[in-house]
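The values are calculated or read from the model by the stated rules, or taken from the named source; none is laboratory data. All values reported here derive from a predicted model rather than from experimental measurement. Here Cβ is always computed from backbone atoms with ideal geometry, including for glycine, and neighbour counts include all displayed protein chains.
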Amino acid sequence: MLNSKLQDRKFILNNPAGNADLICLQRIAAGDEQALRNLYNRHGQRLYAYALRLTGCADLANEAVQESLLAIWQGAGAFRGDAAVSTWMLGIVHHKAVDLLRRKPQQVSLREEMPACADENEPFSALERRELIRRYLQKLPSDQQAVLDLVFYQGKTLAEAAIIMNCPLGTVKSRLNQAKTNLRGLLKRAGMETEE
């Protein structure tokens with residue numbers, strides 16, 4: 001069963017969602033399938049969105065989430081409470097998605113070139129900017145994509161990203177800095193001005 005010291009963790013006591021997630025994990029550890037469904041209903045979209053951004057493929061994202069749910073089912077009793085339950089689950093999704101990418105050949109070419117603008121002096125529309133950023137994010141190495149996604153899309157702190165990615169905080173900071181530099185360079189070459 002889950003360590004009773006988890007009840008004393010500040011992030012759980014001060015966060016009703018964290019407490020509900022912990023209760024779900026306790027019930028999952030006891031074999032309650034409905035608790036797993038409840039946890040999935042609360043976090044499934046976020047887990048899938050993260051897996052999709054990592055893999056770039058809906059089928060692989062679904063597979064990563066399914067494998068993650070199985071791992072959550074099997075490992076609920078081993079949750080140590082070092083981070084929020086949602087952070088722990090994103091870590092599982094992260095590792096399952098990376099494993100799937102290693103096992104399967106890349107299905108999408110990341111070498112797509114962006115079409116030239118009709119008028120180079122004309123600024124990009126908001127939609128064009130979002131599409132350009134999305135495409136160039138996919139060109140970054142997967143570890144840089146992951147840290148950008150965790151920090152900017154998932155709202156995780158750098159420390160939480162380090163837990164999810166199972167690497168030192170300094171490595172996360174370095175990957176984030178390199179990702180921003182690389183993305184800025186790609187966007188500049190496409191003619192899009194970026195903020196520092």
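Odds and ends about this structure:
- Some residue of the range 106-128 being at pLDDT below 90, within 17 Å of the chain's Cα centre (by Cα) and surrounded by 13 or more Cβ atoms within 10 Å (Cβ to Cβ): no
- Criterion violated by LEU137 - all others in (1) modelled with pLDDT of 90 or more; (2) surrounded by 15 or more Cβ atoms within 10 Å (Cβ to Cβ) satisfied: (1)
- Every condition in (1) in contact with a Lys or Arg (Cβ under 9 Å, 6 or more places away or on another chain); (2) at pLDDT 90 or above; (3) farther than 14 Å from VAL93 by Cβ is met by ALA159 except one, and the failing one is (1).
- For the range 158-168, the set of residues classified as closer than 14 Å to LEU148 by Cα and either in the same structural domain as GLY91 (by TED's automatic domain parsing) or surrounded by fewer than 18 Cβ atoms within 10 Å (Cβ to Cβ) (or both) consists of LEU158, ALA159, listed by residue number.
- The C-beta contact set for the range 127-144 (first residue under 21 Å from VAL172 (Cβ atoms), second residue surrounded by fewer than 16 Cβ atoms within 10 Å (Cβ to Cβ), distance under 7 angstrom, 6+ apart or interchain) comprises GLN138/LEU110; LYS139/LEU110; GLN144/GLN178.
- Unmet criterion (only one of (1) at pLDDT 90 or above; (2) more than 18 Å from ILE163 (Cβ to Cβ)) for TRP88: (2)
- Checking each residue of the range 177-195 against the condition of being within 29 Å of GLY44 (Cβ to Cβ), of a type in the set (D, E, K, R), within 18 Å of the chain's Cα centre (by Cα) and surrounded by 15 or more Cβ atoms within 10 Å (Cβ to Cβ) gives no match.
- Of all the numbered requirements in (1) more than 24 Å from ALA84 (Cβ to Cβ); (2) out of contact with any Phe, Trp or Tyr (no Cβ under 7 Å at 6 or more places or on another chain); (3) assigned to a helix (DSSP H, G or I), ALA179 misses one, and that requirement is (1).
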